[in-house]
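Take a look at the structure set out below.
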Amino acid sequence: MVKYTIQNLEENYSIVAEDVEKYLKANELKIPKNGKLSKKVYQGVLDFYIENEKRVLNNGSKPKEKPAFESEDKRVAIYHQDVITFLKSLPSNSVDLIMTDPAYSGMNQKLKLGKGKIIGRYKDRGEKGKWFDEFLDTEENYNTFLKECYRVLKDNRHIFLMFDSYSLLTLAPIVRDVFDVKNILVWDKVNIGLGHYFRRRHEFILFASKGKRKVKLRSIPDIWNIKRFSQAPYPTQKPTEIFELMLVSSAEEDFVVCDPFLGSGAAAIASIKRKCRFIGCDISETSIEKSTNRIKEFIETGNDNMQKNPMHGNDEKMLKILQSG
Ligand SMILES: C[S@@+](CC[C@H](N)C(=O)[O-])C[C@H]1O[C@@H](n2cnc3c(N)ncnc32)[C@H](O)[C@@H]1O
C-alpha cells in the first residue's frame, strides 16, 4: 500500500520537508505530526511543484526574488543574495549543472595564516582587510550548502566544485556524504603564485554527480592547463576557459547552469558562450555591479570587458577542445 508522507516527497521528488511544511502553512492545511499526508494534500503539493518545474522549463530556473540583472531573453539572471537564501529559493530539480568556486574561509579559520587575511593584492578591500565576504565554511554550513545543491540539481546531472588545498583537506570529504564523487581534477595555473612553503600553482576541482551521467568527451585529461591571471579585475577571478571545459564535459545546449558564488561572472560568460542559460548569485555588491556590466556588454557586443585575452595554457589538446564549439 502506498503511504503518502512528507518523507515520500523528499525521497522521491527531492522536495525538502521544510518546503512541504511551508506550502501546507501557506494553504492553511494542517501539518501532520507523523508526516503522513492525505492523498489529496499529497497530490496538491506535487502539483504545486510540477507547476514550479514548468515555470523553470519555460524561463530558466528562477527564484522568487527580483534579479539584480536579467537579460532581455531571460536566459541569464543574477541575484544579489547569500548563497543559501538563493539556493533555498530555487525549485527542486530545476538546475542542469552547478559549477562554482566558493569563497572558503577555511584558509583563514583553520590554518590561521598571516593575520587571518587572504594573501594577495586588491585595491577594493572590505572593512576587515579581506577581498570579499567569505562563506563561513563550517562543516554544518557546508553540509547545508551541498544538500541545497543536491536538491536543486536535476537527476543524472553533474556538479563541479573548486577547492584550494586547505579546503580540500577539510571540506571535500563532506561532498561524498551528499554526491557521488567521480574525480578530483587539477587546475594547473601554469605560472606560480604566492605561497609560504612552496609556491602555489594549482587548485582542485571536485567533480561529482547526482545519479548517473557520463562525461561528453572522454578525451579530456584530469589536469587542466590554463594560465591564471597575474592581476585580475576581480579578486580570485578565474579564466572563463575553466568553466568552458566544465561545460564541454557536461552540458547540452539550453542547460540551466548555476553558479551561486558568482564573483566576476566568469561562469556566466562561459555559459553564454556555450549556449546555456545561467542563474547565479553573490553576496557582494562589487561582484553584482561588475558581473552585470560584464554580462550586459558581452551579450550586446561579444566583448568580455574583464578578460580581454584568452588564457589558454600550453596544452595543445586542451586548446583544441576549447576552440571547438
Ligand atoms: C572565489 S570568488 C568567485 C570567483 C569567481 N569564480 C570568478 O571567476 O570571478 C567567491 C565569491 O563568493 C562570494 N561570496 C562570499 N560569501 C558568499 C555568500 N555567503 N553567498 C554568496 N556569495 C558569497 C564572494 O563575494 C566572491 O565573489
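The values are calculated or read from the model by the stated rules, or taken from the named source; none is laboratory data. Just so it is clear, the model here is predicted, and its values are computed rather than measured. Counting neighbours? That spans all protein chains shown, and the Cβs are built from the backbone with ideal geometry, glycine included.
Data for the structure
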| item | result |
| --- | --- |
| Qualifying position, being farther than 25 Å from S92 by Cα, touching a residue at least 60 places away in the same chain (Cβ under 8 Å) and not aromatic (F, W, Y), among N314, N309, N303 | N314 |
| Failed item, numbered, when I205 is tested on (1) in contact (Cβ under 8 Å) with a residue 60 or more places away in the chain; (2) closer than 21 Å to P310 by Cα; (3) touching a Leu at 6+ places or on another chain (Cβ under 7 Å) | (1) |
| All helices (runs of 4 or more DSSP H) inside segment 1-110 with 1 or more residues being modelled with pLDDT under 75 and among the aliphatic types (A, V, I, L, M) | 6-13, 17-26, 39-59 |
| Residue match in segment 294-310 (condition: assigned to a strand (DSSP E or B) and modelled with pLDDT under 95) | no |
| Hits in segment 218-239 (condition: under 29 Å from E148 (Cβ atoms), surrounded by 12 or more Cβ atoms within 10 Å (Cβ to Cβ) and away from the ligand (no atom under 16 Å from the Cβ)) | I220 |
| Selection within segment 273-287 - surrounded by fewer than 22 Cβ atoms within 10 Å (Cβ to Cβ) and either within 18 Å of D82 (Cβ to Cβ) or in contact with a helix residue (DSSP H, G or I) (Cβ under 8 Å, 6 or more places away or on another chain) (or both) | K273, R274, I283, S284, E285, T286 |
| Selection within segment 137-173 - of a type in the set (K, R) and either within 13 Å of the ligand (Cβ to nearest atom) or part of a strand (DSSP E or B) (or both) | K154, R157 |
| Members of segment 151-163 found to be surrounded by fewer than 17 Cβ atoms within 10 Å (Cβ to Cβ) and not polar (S, T, N, Q), listed by number | D155 |
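Residues checked against (1) over 18 Å from L206 (Cβ atoms); (2) away from the ligand (no atom under 11 Å from the Cβ); (3) in contact (Cβ under 8 Å) with a residue 40 or more places away in the chain:
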site: L245; (1), (2), (3): no, yes, yes
site: E252; (1), (2), (3): yes, yes, yes
site: S264; (1), (2), (3): yes, no, yes
site: S271; (1), (2), (3): yes, yes, yes
site: C276; (1), (2), (3): yes, yes, yes
